[in-house]
Amino acid sequence: MPATILDGNTYASQIKSEVAEEVRRLTASGVRPGLAAVLVGENPASQTYVRSKVKACEELGIYSDLITPPESATTEELIEIVEQLNARDEIDGILVQLPLPAHVDSKRVLLAVSPEKDVDGFHPVNVGNLSTQRPALVPCTPAGCMEILKRANIAIEGQEAVIVGRSDIVGKPMAMLLTNANATVTICHSRTKNLPEVCRRGDILVAAIGRPGFITTEFVKPGATILDVGINHITDPVLFERFFKGDEKREKQFAEKGRTIIGDCDPRVVRMAGAVTPVPGGVGKLTIAMLMGNTVKAARMRRLTAVEAVAPSA
Ligand code: GUN
């Protein structure tokens, strides 16, 4: 039986409408959540991402402020911008869009973000709070993966979870979240021996390596749940044929645009898995919804008293 497709659009709309409801409630009590996005230079992909984030704020009633320093901005200038945002009471979340220009020390800029406003969950204080099971702002992509598992009623406790990729943004926080939810977690990476064999242990397999179609059926335990975090653009016709030959919709798209998007999984994993997130239309759809959720959570944690902050959706 082919795998269940875990539709990111459905979950993202559910989450967004829950967040919008909470924004209404908070705004009515005098606390309108606000997000500041810092977009440095003119990277087209970053511009697209940030535009989507600002648009999502508008849809949900979250105040937003877009700050666009030039490509030439120095580390010190960006730290100054972040510090000014730290001091503004109406700003609950600060998002510094990555990558920053090569001459900027990204780690120093991210460290300047107040942990209370760190809606990306990148600050070491939030990393530490997550790993010690304290209240934390959690990175959006792994948080979105957990929401998919929860909303699709996929068991986590006692299950084997295998994560391929050890990035600070996805692999490591994902391992923490799954560990905190009582899975038995293995993190794999480029030096892991017998990778397909290790991956085949996974009742839950998280693919977060950034290599197009890398995870093939050979890596998949029959019936496993696969969360495909990869977003890779392919333009090479040979690669296209390897993954999508016979898929009419993709063939039409590739003929028109000369490119398509593929995850870290070979599309044929659907034959082996129990449930799979598609690319596009899977995990990626939840990332912005979770950012909105983090902005509201940051507003609640910083601006409400302990009693008021006990929210229905916690
Ligand atoms: N660039 C690519 N992904 C991300 C993300 O999750 N957060 C930020 N700030 N920048 C990114």
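In region 70-86, which residue that is part of a loop (DSSP other than H, G, I, E, B) and open to solvent by 40 Å² or more (accessible area, probe 1.4 Å) is nearest to the ligand (Cβ to nearest atom)?
Going through region 70-86, the residues part of a loop (DSSP other than H, G, I, E, B) turn out to be 70-74.
Adding the requirement that they be open to solvent by 40 Å² or more (accessible area, probe 1.4 Å) leaves 70-72, 74.
On the way: P70: 18, E71: 16, S72: 20, T74: 19 Å.
Among those that are part of a loop (DSSP other than H, G, I, E, B) and open to solvent by 40 Å² or more (accessible area, probe 1.4 Å), it is E71.
Restricting attention to region 100-121, and to residues there that are surrounded by 20 or more Cβ atoms within 10 Å (Cβ to Cβ) and of a type in the set (D, E, K, R), which single residue is farthest from the ligand (Cβ to nearest atom)?
Per the criteria, the residue is K117.
For region 87-99, which residues satisfy the criterion of being open to solvent by 40 Å² or more (accessible area, probe 1.4 Å) and either within 16 Å of the ligand (Cβ to nearest atom) or touching an Asp or Glu at 6+ places or on another chain (Cβ under 7 Å) (or both)?
The answer is L98, P99.
Give the number of residues within region 87-127 that are in a helix (DSSP H, G or I) and small (G, A, S).
3
Between a residue in region 96-113 that is over 19 Å from L85 (Cα atoms) and any residue that is open to solvent by 90 Å² or more (accessible area, probe 1.4 Å), which pairs come within a Cβ distance under 9 Å, given they are 6 or more apart or on different chains?
Here the result reads P101/E71, each pair linking region 96-113 to a residue that is open to solvent by 90 Å² or more (accessible area, probe 1.4 Å).
Among residues belonging to region 122-156 that are polar (S, T, N, Q) and more than 14 Å from the ligand (Cβ to nearest atom), point out the one that is surrounded by the most Cβ atoms within 10 Å (Cβ to Cβ).
N129
Which of (1) among the β-branched types (V, I, T); (2) away from the ligand (no atom under 16 Å from the Cβ); (3) surrounded by fewer than 22 Cβ atoms within 10 Å (Cβ to Cβ) does I231 not meet, given it meets every other one?
(2)
Can you work out which of the residues in region 20-56 that are among the acidic types (D, E) and open to solvent by 70 Å² or more (accessible area, probe 1.4 Å) is farthest from N294 (Cα to Cα)?
E42
Does region 57-69 contain at least one residue that is of a type in the set (V, I, T), assigned to a helix (DSSP H, G or I), without any contact (Cβ under 8 Å) to a residue 40 or more places away in the chain and surrounded by 14 or more Cβ atoms within 10 Å (Cβ to Cβ)?
No, region 57-69 contains no residue that is of a type in the set (V, I, T), assigned to a helix (DSSP H, G or I), without any contact (Cβ under 8 Å) to a residue 40 or more places away in the chain and surrounded by 14 or more Cβ atoms within 10 Å (Cβ to Cβ).
Do we have G274 as small (G, A, S) and either on the phi > 0 side of the Ramachandran plot or crowded, with 20+ Cβ neighbours inside 10 Å (or both) here? Steps first, answer last, please.
Details: small (G, A, S): yes; either on the phi > 0 side of the Ramachandran plot or crowded, with 20+ Cβ neighbours inside 10 Å (or both): no.
For G274, the condition - small (G, A, S) and either on the phi > 0 side of the Ramachandran plot or crowded, with 20+ Cβ neighbours inside 10 Å (or both) - is not met.
The values are calculated or read from the model by the stated rules, or taken from the named source; none is laboratory data. Being a predicted model, the structure only gives us computed values, none of them experimental. No Cβ is skipped: glycine too gets one built from the backbone with ideal geometry, and neighbour counts run over all protein chains shown. Heavy atoms of the whole protein, side chains included, go into the accessibility calculation; ligands, DNA and RNA do not. Shrake-Rupley method; radii C 1.70, N 1.55, O 1.52, S 1.80 Å.
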